[in-house]
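S.K.: Handing you this structure, nothing more for now.
The values are calculated or read from the model by the stated rules, or taken from the named source; none is laboratory data. What you are looking at is a predicted structure, and each value in this text was computed from that prediction instead of being measured. Cβ placement follows ideal geometry from the backbone for every residue including glycine, while neighbour counts extend to all protein chains displayed. Accessible surface is based on the protein model in full, side chains and every heavy atom, while ligands, DNA and RNA are left aside. Shrake-Rupley method; radii C 1.70, N 1.55, O 1.52, S 1.80 Å.
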Amino acid sequence: MPNTLTNLVSLQEKAYGAEREAFCRIDTEAGKLIPTTWGEFRHDVDRMACALEILGIEPADIVAIIANNCPEFLITDFACYRNRAVPVSIYATSSPEQIEYIIKDAEARILVVGSAAHYRAARSIAANCPSLQKIIVIDSDVVLDDNDHNSLHFSDILELGTVASPACRAAVDLRTAEATPDDIATLIYTSGTTGEPKGAVLPHSCFNSALQTHHEVLTMLSDNDTSVCFLPLSHIFEKAWTYFCLSMGMKVAINRDPKEIQKAIPIASPTSMCSVPRFWEKVYAAVQEKIGRMKGVQKLLVQRALKVGYKRNLEYARLGLQAPWWLEKQYQFFDKNVFAKVREVIGIPRGRFFPTAGAPLSNNITEFLHAIGINIVIGYGLSETTATVSCYPAVDYVIGTIGTPLPNVQVKIGPDNEILVKGPSVMRGYYKRPEENAKAFTEDGWFRTGDAGLFDQSGALVLTERIKDLFKTSNGKYIAPQAIESRLGEDKYIEQVAVIGDQRKYVTAIIIPAFEALKEYASRKGITYSSIEELVENSEIRRFIAERIERMQKGLAGFEKIKRFTLLPKEFSIEGGELTNTLKIRRPVINSMYADQIEAMYC
């Protein structure tokens, strides 16, 4: 079977014509989309591919990329595939130390960087990376150092490819023709919540299988859809999803700055977008706040609309059933006059399909979003499995599960309730890590996900906890911290939570409030403060948060409930070390950094 990615761009140009739009860049300042056609995309990929050959890149060589999402990211990826080379993505938020680690581990020969900050970081570590021969800078405004003789701008690289000799072009064409499914497509470095990152080796065969399976399953999508590229392209979820969209002929709208996503979405008006739960938690909190401020007839109308939306979409549409005519008529009225306006404000008036994974999303939020006509599709996957292992089917999905396994993906529950996976989309192993590979796979070849789960009566997969996160109190009670953290994440006044309690008498939490919402509450209540530190220490604020925590914990067992908490005046961050590049909590780091605050909660 030919590789899906190797010739994807040229085949799509032939299929759709050179003038059809392949992707666009979202310009949030100008409020517009800047398009790139399939013809332009193919031309730039060919130029970049030739330039890489001229620079001495051979098949299986590593080309690393650190940049925010941008067209050059995709151009580099597909130029590498033309050369049978291996693009390795590094998170744009990585520190110089993290960049150096991956460059050395992968033995990258070329590093493509995005911004001036990335260029400075690359320059600072270049001397420590013997394999690194060239730095390519995407941002044309970056001024190269006077003594830098090993760096070029991306535009210069494309010009180099433009004047490539016939022999160079023939060499690239030959490499493309000789590409095999066994060639490594990419290394995806894990986020390293408990240790050093490891490079998951994903050959082209993994993407061939994953993309083909998604084409078979996601028949509700077509080349008339538009997806926003929002998560980092260094994240396997976004990378695999964007590849799928391009292979479908869907237009991809690239959002460069994650902080600008609220501005970007209305500009692009996507019908689809993959995201992590935190995005939808914020959407839910904003909508709930607006509903909470309504009064009189308006509030009654919205409450009635939600009852109808829950009944129609969750009791009928979810199960593939036709709603009674009287319920359908009511829903059509409320969808047009209430729900459509909410979706318009979010920026997804035509929204149809929104895959969500990476962490738990509470049942309350999932049901609410479905009730108002936002098709949240919960899924589960890992870097090591080329993203999706399971997801909601089109109908008969079960809220509270992570869907059913995809075709060609085998899943079973192993010892300690660990989810085990086997199939053609599972990685070959970790790059240069034979000892880790021995731990990662069972003797009969099943990949150990490190996640605990079970199958429910319907055959859907339920994720219970990350095994390494699971802890036991000194009273012998097991606690699943992510489930509690997800529940508290619904609250508009809570931004981040780290649940504590391993070998402790009871459960506590370090909580980062949503500072803007908290300031607004303080203003309404006449609470004065001179700093954020003073605000989070205010006794009335602490009582207020305590009351909200207690409400959010309704239904939990007594031993699971947070007994004491600490409010911090500063968010957990990647730069501070508390979060991974995929925004997962580094629990050992938090336990160490905030040891004094944690001990104080047990005095």
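S.K.: Below 8 Å between Cα atoms, with a sequence gap of 6+, how large is the relative contact order for the chain in percent? Kindly include the intermediate steps, with their values, before the conclusion.
M.R.: On the way: 1109 pairs, mean separation 67.2, N = 603.
It rounds to 11 percent for the chain.
S.K.: Find how many whole Å separate the alpha carbon centroid of the stretch 401-438 from the alpha carbon centroid of the stretch 4-36.
M.R.: Result: 34 Å between the Cα centres.
S.K.: If you place +1 on the Cβ of every Lys and Arg, -1 on the Cβ of every Asp and Glu, and leave all else neutral, what size is the dipole of the stretch 475-558 about its Cα centre, to the nearest 20 Debye?
M.R.: 380 debye
S.K.: Right, another one. Counting only DSSP beta bridges with both residues in the chain, tell me the antiparallel percent, nearest 5.
M.R.: Once the DSSP bridges in the chain are tallied, antiparallel ones form about 55 percent.
S.K.: Here is a follow-up. If you take the charge dipole of the chain about its Cα centre, with +1 on Lys and Arg Cβ and -1 on Asp and Glu Cβ, which of Leu301, Ala117, Val88 is farthest toward its positive end?
M.R.: Leu301
S.K.: Another question, if that's okay. Amide H neighbours of Ala22 under 5 Å, at least 5 residues apart or on other chains, H built in the peptide plane: list them.
M.R.: Those lying under 5 Å, H to H, from Ala22 are Thr36, Thr37, Trp38.
S.K.: Which entries of Lys259/Lys295; Lys295/Lys519; Lys519/Lys554; Lys134/Lys432; Lys336/Lys525 show an alpha-carbon separation above 28 angstrom in the structure shown?
M.R.: Working: Lys259/Lys295 32 Å; Lys295/Lys519 23 Å; Lys519/Lys554 26 Å; Lys134/Lys432 23 Å; Lys336/Lys525 37 Å.
Result: Lys259/Lys295; Lys336/Lys525 exceed 28 Å.
S.K.: Kindly write out, for the stretch 247-257 in residue order, the coupling ³J(HN,Hα) from the Karplus curve 6.51 cos²θ - 1.76 cosθ + 1.60 (θ = phi - 60°), rounded to whole Hz, with x marking Gly and Pro.
M.R.: Here the 3J(HN,Hα) series is 5, 7, x, 6, 6, 10, 9, 8, 9, 7, 10 Hz.
S.K.: OK, next. Quick one: dipole size for the stretch 234-365, taken about the Cα centre, charges +1 on Lys/Arg Cβ and -1 on Asp/Glu Cβ, in debye to the nearest 20. Display every interim value, and only then the final one.
M.R.: Details: 22 positive and 9 negative charges, 85 e Å.
Using Cβ point charges on Lys, Arg, Asp and Glu, the stretch 234-365 gives about 400 debye.
S.K.: Under 8 Å for C-alpha pairs, at least 6 residues apart: give me the relative contact order for the stretch 480-603, rounded to a whole percent. Provide the component values of the computation, followed by the final result.
M.R.: Values: 137 pairs, mean separation 32.4, N = 124.
About 26 percent, as a whole number.
S.K.: How far, in degrees from 0 to 90, does helix 325-334 lean away from the longest principal axis of the Cα atoms of the chain, to the nearest 10?
M.R.: In the chain, helix 325-334 runs at an angle near 80 degrees to the longest axis.
S.K.: Run the helix sum for the chain: -39,500 (n - 2.57) per DSSP H stretch of 4+ residues, divided by residue count, reported at 222 nm to the nearest 500 deg cm²/dmol. Intermediate results must be reported in sequence, preceding the final value.
M.R.: Numbers: 22 runs with 238 residues, N = 603.
Taken over the chain, the calculation gives -12000 deg cm²/dmol.
S.K.: Considering the dipole of the chain built from charges on the beta carbon (Lys and Arg +1, Asp and Glu -1) around the Cα centre, which of Tyr602, Pro181, Phe279 is farthest to its positive end?
M.R.: Projecting each Cα onto the dipole axis, the largest value belongs to Tyr602.
S.K.: Keeping all protein chains in the complex and leaving out DNA, RNA and ligands, what accessible area do you get for Thr449 with a 1.4 Å probe, in Å² to the nearest 10?
M.R.: Approximately 10 Å² for this residue.
S.K.: Ok, one more. Give me the distance between the Cα centres of the stretch 96-116 and the stretch 214-273, rounded to whole Å.
M.R.: Using only Cα atoms to place each centre, the spacing works out to 26 Å.
S.K.: Amide H neighbours of Val389 under 5 Å, at least 5 residues apart or on other chains, H built in the peptide plane: list them.
M.R.: HN-HN under 5 Å from Val389: Tyr380, Gly381, Leu382.
S.K.: Expressed as an acute angle from 0 to 90° and rounded to the nearest 10, what is the orientation of the C-alpha long axis of helix 296-315 relative to the principal long axis of the chain?
M.R.: Tilt relative to the chain: about 60 degrees.
S.K.: Let me spell out the model: positive unit charges on the Cβ of Lys and Arg, negative unit charges on the Cβ of Asp and Glu, origin at the Cα centre of the stretch 529-603. What dipole size does that give, in debye rounded to 20?
M.R.: Taking the Cα centre of the stretch 529-603 as origin, the dipole is about 460 debye.
S.K.: Would you please name the GluC sites (Glu not before Pro) within the stretch 404-476 that are DSSP coil residues with at most 12 other C-beta atoms within 10 Å of their C-beta?
M.R.: Details: sites: Glu418, Glu435, Glu436, Glu443, Glu465; in loops: Glu443.
Of the GluC sites (Glu not before Pro), the ones in loops of the stretch 404-476 whose Cβ has at most 12 other Cβ atoms within 10 Å are Glu443.
S.K.: In sequence order, what are the phi-derived ³J(HN,Hα) couplings for the stretch 75-88 according to the Karplus relation 6.51 cos²θ - 1.76 cosθ + 1.60 with θ = phi - 60°, rounded to whole Hz, with x for glycine and proline?
M.R.: 4, 5, 3, 6, 5, 4, 4, 4, 9, 6, 8, 10, x, 10
S.K.: Once neighbouring chains are kept in place and the probe is 1.4 Å, which whole percent of the accessible area of the stretch 342-396 is contributed by carbon and sulfur?
M.R.: Numbers: 850 of 1670 Å².
After summing per-atom areas, the C and S share lands at 51 percent.
S.K.: Moving to a separate point now. With θ set to phi - 60°, apply the Karplus curve 6.51 cos²θ - 1.76 cosθ + 1.60 along the stretch 116-131 and write out the HN-Hα couplings as whole Hz, x wherever there is a Gly or Pro.
M.R.: The phi angles translate into 4, 5, 5, 5, 5, 5, 5, 5, 5, 10, 4, 5, 8, 10, x, 6 Hz.
S.K.: Here is a further query. What pairs in Lys505/Lys584; Lys251/Lys282; Lys251/Lys311 have C-alpha atoms more than 31 Å from each other? If you can, show how the numbers build up before the last one.
M.R.: Values: Lys505/Lys584 25 Å; Lys251/Lys282 26 Å; Lys251/Lys311 34 Å.
Over 31 Å apart, Cα to Cα: Lys251/Lys311.
S.K.: Among the trypsin sites (Lys or Arg not before Pro) within the stretch 379-446, which fall in a DSSP loop and have no more than 16 other Cβ atoms within 10 Å of their own Cβ? Don't skip to the answer; put the middle values down first.
M.R.: Values: sites: Lys412, Lys422, Arg428, Lys432, Lys439; in loops: Arg428, Lys432.
For trypsin sites (Lys or Arg not before Pro) across the stretch 379-446 that sit outside H, G, I, E and B with at most 16 neighbouring Cβ atoms in 10 Å, the list reads Arg428, Lys432.
S.K.: Averaged per residue, what accessible area in Å² does the chain show with a 1.4 Å probe, protein chains only? Provide the component values of the computation, followed by the final result.
M.R.: Working: 26050 Å² over 603 residues.
Accessible surface, normalised per residue, equals 43 Å².
S.K.: Next up: Using DSSP to define loop residues, name the GluC sites (Glu not before Pro) in the stretch 477-582 whose beta-carbon has at most 10 other beta-carbon atoms within 10 Å.
M.R.: Listed in order of number, the matching sites are Glu575.
S.K.: Here's another thing I want to ask about it. Within the chain, what is the longest stretch that has no chymotrypsin sites (Phe, Trp or Tyr not before Pro) placed in a DSSP loop and near at most 15 other beta-carbon atoms within 10 Å?
M.R.: Details: sites that count: Tyr529, Tyr602.
Answer from the scan: 1-528.
S.K.: On a 0 to 90° scale, report how tilted helix 539-552 is relative to the longest principal axis of the chain, with both axes built from alpha carbons and the result rounded to the nearest 10.
M.R.: Approximately 80 degrees, to the nearest ten.
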